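Everything below concerns the one structure shown next.
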Amino acid sequence: MKIKSAEFVVSNSDVAKCPKNHLPEYAFIGRSNVGKSSLINMLTDRKSLAKTSGKPGKTQLINHFVINNNWYLVDLPGYGYARVSKTSKKKFQKFITNYFEQRQQLVSAFVLVDIRHEPQTIDLEFMQYLGENAIPFGIIFTKADKLKQKAIERHVDDYCQELLKTWEELPPHFITSSSKKIGQNEVLGFIEATNEEIEALKNE
Ligand code: GTP
Ligand code: MG
């Protein structure tokens with residue numbers, strides 16, 4: 001897919017204030033610092049469309065970006081960031097769960113996981129939560145530049161084996177690196193194909 005335009009639309013902590021139109025949207029979620037905002041910049045070929053930081057906890061709100069005036073990418077805060085207070089963690093959990101449970105336009109979530117790490121309980125639990133709420137999701141492995149090809153294959157394989165202990169089918173999954181621009185075509189191709197399916201269903 002060619003990215004002709006990518007623009008920031010709105011940030012907020014209330015799902016009711018998200019854009020009202022019915023363009024399909026795709027949301028990035030995962031631990032703080034996993035690379036959600038960097039991935040948005042990589043996918044859209046923009047250096048600083050989404051704000052990134054070496055310190056976890058940078059993204060604090062629901063951020064909508066409209067792509068090609070036709071679909072949204074949504075950058076969300078990370079979970080599992082220990083330094084925020086308990087009250088703000090609770091508030092955060094509430095608005096994120098409201099987003100996932102109420103946002104009709106959400107076509108698919110992408111759970112980002114750092115390819116270097118073993119499967120983490122917090123990520124597996126979040127996938128479980130998405131499953132229980134019938135929210136489709138894919139997995140995006142990030143920071144593939146940090147491992148050699150063989151290790152990438154081994155880590156992805158191990159991850160899939162872990163998932164198959166609880167899931168009957170593997171979700172779509174993608175290997176990416178924002179710094180080396182790996183996986184851009186695969187993720188965008190998946191989104192494009194999904195958007196086309198939605199269009200075809202509308203015309204039926
Ligand atoms: P929060 O907004 O805090 O939840 O974090 P985030 O998931 O949006 O992470 P962000 O994109 O801000 O990136 C966190 C750090 O990881 C930054 O220092 C990025 O430069 C680095 N990073 C992100 N993606 C990659 C990648 O593909 N490779 C490498 N080597 N570093 C990356
Ligand atoms: Mg971020």
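The values are calculated or read from the model by the stated rules, or taken from the named source; none is laboratory data. Computed from a prediction, not measured in an experiment: that's the story for all the values here. FYI the Cβ positions are ideal-geometry reconstructions off the backbone, even for glycines, and counts take in every protein chain you see.
Points to keep in mind about this one:
- Remark: pairs (first residue in the stretch 58-76, modelled with pLDDT of 95 or more; second residue among the basic types (Lys, Arg) and more than 16 Å from ligand 1 (Cβ to nearest atom); Cβ separation under 7 Å; 6+ apart in sequence or on different chains) = Asn68/Lys4.
- Hey, Ile3 buried (at least 18 other Cβ atoms within 10 Å of the Cβ) and either within 25 Å of Ile122 (Cα to Cα) or more than 12 Å from ligand 1 (Cβ to nearest atom) (or both) or not: no
- For the stretch 81-99, the candidate set comprises residues that are part of a helix (DSSP H, G or I) and within 16 Å of ligand 1 (Cβ to nearest atom); within that set, the residue that is modelled with the highest pLDDT is Tyr99.
Residue by residue, here is whether (1) within 16 Å of ligand 2 (Cβ to nearest atom); (2) in contact with a Leu (Cβ under 6 Å, 6 or more places away or on another chain) holds:
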| site | (1), (2) |
| --- | --- |
| Lys2 | no, no |
| Ser13 | yes, yes |
| His22 | no, no |
| Asn33 | yes, no |
| Leu73 | yes, no |
| Phe95 | yes, no |
| Tyr99 | yes, no |
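- Counted residues, the stretch 33-53 - those being in contact (Cβ under 8 Å) with a residue 60 or more places away in the chain, near ligand 1 (Cβ under 7 Å from one of its atoms) and either surrounded by fewer than 24 Cβ atoms within 10 Å (Cβ to Cβ) or not aliphatic (A, V, I, L, M) (or both): 3
- Long-range neighbours under 6 Å by Cβ, at least six apart or interchain, first residue within 15 Å of Phe110 (Cα to Cα) and part of a loop (DSSP other than H, G, I, E, B) within the stretch 177-190, second of a type outside the set (S, T, N, Q) and more than 16 Å from ligand 2 (Cβ to nearest atom): Gly183/Phe174; Gly183/Ile175
- Residues in the stretch 121-165 that are part of a helix (DSSP H, G or I), touching a residue at least 24 places away in the same chain (Cβ under 8 Å), over 18 Å from the mean Cα position of the chain (by Cα) and under 24 Å from Leu43 (Cα atoms): Asp145, Lys146, Ile152, His155.
- Flag if Phe28 is hydrophobic (A, V, I, L, M, F, W, C), within 11 Å of ligand 1 (Cβ to nearest atom) and more than 13 Å from the chain's Cα centre (by Cα): no
- Test for Phe137: is it within 14 Å of ligand 1 (Cβ to nearest atom), touching a helix residue (DSSP H, G or I) at 6+ places or on another chain (Cβ under 9 Å) and not acidic (Asp, Glu): no
- From Lys165, Lys146, residue being within 26 Å of Gly54 (Cβ to Cβ) and surrounded by fewer than 16 Cβ atoms within 10 Å (Cβ to Cβ): Lys146
- Taken across the stretch 141-159, residues that are polar (S, T, N, Q) and within 16 Å of ligand 2 (Cβ to nearest atom) do occur, with at least one present.
- Residue match in the stretch 30-46 (condition: farther than 19 Å from Asp123 by Cα, in contact with a strand residue (DSSP E or B) (Cβ under 7 Å, 6 or more places away or on another chain), part of a strand (DSSP E or B) and modelled with pLDDT of 95 or more): no
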